[in-house]
Amino acid sequence: MQERYSRQILFDGIGEEGQQNLQKKHVLIVGAGALGTGNAEILTRAGVGRITIVDRDYVEVSNLQRQQLYTEHDANDRIPKSVAAQKRLREINPDVEVDGKIMDVTVEEIDQLVSNVDLIIDATDNFDIRFLINDVAQKHRIPWIYGGCVSSYGLSFTILPGETPCLNCLLETIPLGGATCDTVGVIAPAVQMVVAYQSAEAMKILVEDFEAVRRKLVSFDLWKNEQSAIDVSRLKKEGCPSCGTSQTYPYLSYENQTKTAVLCGRNTVQIRPPKKVNRDLNALVTQLENQGGAIEQNPFLVSYQSEDRRVVFFKDGRVLIHGMKDIVEAKKIYHQLLG
Amino acid sequence: MVIHVNGEQRELSNDIQTVSDLLNHFELANKKIIVELNANIVDSSQHEEITVQDGDRVELVHFVGGG
């Protein structure tokens, strides 16, 4: 069976012992978009013991240019990303225990998600969730690997609790606005470059070769032919509320959570009920049939199209309102349809 | 003035004097950014005071959310 991994066992940095370590480890990948699918495929092929991959969204045709686990079939059927990813990853390597979860990760879910996890890979598309990951990783002393990319640019940094500065040290506040895949697009090579940095760091941590971990903040622009690596260790702050001497983990408190979000690259608003619900999709379909418009249903969600507006209802209560970025307008539609 | 930005040589107008001017020139002024000047990180509070000179090596890393 180890024949499958023979080429990476031959590699000095991993070897037999490293491979055995890999097979005992559990990785949490938050997000199953471009970075999530790339990292998940590499780690699945590498034979990591267990991979949990979570995502709140479903596959769309505009994802296929860069999100490597998905097919046109997944987009046509609007399959939730974590479901499509789990299926493909299990086909690639049945040795790996893959668990795909349809989930919008907030403070309510994150504590449970990280239990028995050895490493968290950030494959998200916003800083609200990254600050949540940053705090929970510090609280449970779990390494995590930040990655981000837009257009032809990307960057990555590995955060080791107790050693490196954390994301809060580097940024101090959650960045607002800025370029997104929505406004400036993204090319697949930029994604793959970040995936290469993140997955190599992941392998070092999983085989417990901590000396090999990159301590610098690395960035590149593949179109402008630029690259950079900065030693940011001086930015570690003793007074940091996330990783300093008196930690309060501010982003794990409920008041700091966002209940509505504009999804990156999607021209879509997500609305999440204050409490988790188990939506009765059949009853919802009956209710929507009275409104006119086209309805499609699968076991995970209901999609409702009326004129130029599409609204998607997930079983866990979340609603995606497509064709807008205005949260107030989106809430209006939400309440128009659901009362 | 010629400086090295992220490994690439750039010819810049002499009107650019401070780190802030440099960030404005590259349209990075409103972003979350870490600036390294000749292997030293420049505190964001000092961007308007620290000047850049001919031959300097600058690394500019800004944070993005996409993924």
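The values are calculated or read from the model by the stated rules, or taken from the named source; none is laboratory data. This one's a predicted model, so the numbers in the text were calculated from it and none came from an experiment. Here the Cβ is made from the backbone with ideal geometry for all residues, glycine too, and neighbour counts use every protein chain on show. For accessibility, only protein heavy atoms count, side chains too; no ligands or nucleic acids. Shrake-Rupley method; radii C 1.70, N 1.55, O 1.52, S 1.80 Å.
Things worth noting here:
- Matching residues in the stretch A:190-231 - criterion: being at the interface with chain B (Cβ under 10 Å from one of its Cβ atoms), not in a helix (DSSP H, G or I) and not small (G, A, S): A:K216, A:L217, A:V218, A:F220, A:D221, A:K224, A:N225, A:E226, A:Q227, A:I230, A:D231
- Selection count where residues are in a loop (DSSP other than H, G, I, E, B) and out of contact with any Lys or Arg (no Cβ under 6 Å at 6 or more places or on another chain), scope the stretch B:52-67: 9
- Strands (runs of 3 or more DSSP E) (entirely within the stretch A:85-181) containing at least 1 residues that are open to solvent by less than 30 Å² (accessible area, probe 1.4 Å) and either more than 14 Å from every other protein chain (Cβ to nearest Cβ) or at positive phi (or both): A:97-102, A:119-122, A:153-159
- Residues of the stretch A:302-339 classified as exposed (fewer than 15 other Cβ atoms within 10 Å of the Cβ) and assigned to a strand (DSSP E or B), total: 2
- Of all residues in the stretch B:24-35, those satisfying the criterion of being buried (at least 20 other Cβ atoms within 10 Å of the Cβ) and either farther than 21 Å from A:Y146 by Cα or at the interface with another protein chain (Cβ under 7 Å from one of its Cβ atoms) (or both) are B:K32, B:I34.
One line per residue, one yes/no per condition, for (1) open to solvent by 10 Å² or more (accessible area, probe 1.4 Å); (2) within 14 Å of chain B (Cβ to nearest Cβ); (3) of a type in the set (D, E):
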{"site": "A:N21", "(1), (2), (3)": "yes, no, no"}
{"site": "A:K24", "(1), (2), (3)": "yes, no, no"}
{"site": "A:V27", "(1), (2), (3)": "no, no, no"}
{"site": "A:T37", "(1), (2), (3)": "no, yes, no"}
{"site": "A:A46", "(1), (2), (3)": "no, no, no"}
{"site": "A:T52", "(1), (2), (3)": "no, no, no"}
{"site": "A:L64", "(1), (2), (3)": "yes, no, no"}
{"site": "A:Q68", "(1), (2), (3)": "yes, yes, no"}
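- For beta carbons closer than 6 Å, sequence separation of 6+ or different chains, a first residue in the stretch B:22-48 that is without any contact (Cβ under 8 Å) to a residue 60 or more places away in the chain and a second that is aromatic (F, W, Y) and open to solvent by less than 80 Å² (accessible area, probe 1.4 Å), the qualifying pairs are B:K32/B:F63.
- Residue match in the stretch A:160-170 (condition: of a type in the set (D, E, K, R), under 16 Å from the mean Cα position of the chain (by Cα) and in the same structural domain as A:Q227 (by TED's automatic domain parsing)): no
- In the stretch A:70-84, the residue that is most open to solvent (accessible area, probe 1.4 Å) out of those that are in a loop (DSSP other than H, G, I, E, B) and not acidic (D, E) is A:T71.
- Meets criteria (closer than 26 Å to A:C169 by Cα, more than 12 Å from chain A (Cβ to nearest Cβ) and open to solvent by 60 Å² or more (accessible area, probe 1.4 Å)) for B:Q46: yes
- Answer from A:Q138, A:Q112 - the residue that is polar (S, T, N, Q), modelled with pLDDT under 95 and more than 12 Å from the chain's Cα centre (by Cα): A:Q112
- Scope the stretch A:283-298; condition without any contact (Cβ under 8 Å) to a residue 12 or more places away in the chain and either over 16 Å from A:G339 (Cβ atoms) or among the β-branched types (V, I, T) (or both); matching residues: A:T286, A:I295
- Only listed residue being farther than 20 Å from A:V194 by Cβ and aliphatic (A, V, I, L, M), chosen from A:I9, A:I42, A:I51: A:I9
- Here B:V61 does not qualify as within 14 Å of chain A (Cβ to nearest Cβ), closer than 21 Å to A:K216 by Cβ, out of contact with any Ser or Thr (no Cβ under 6 Å at 6 or more places or on another chain) and surrounded by 17 or more Cβ atoms within 10 Å (Cβ to Cβ).
- Filter pass, A:Q23 being within 28 Å of A:N126 (Cα to Cα) and at pLDDT 95 or above: no
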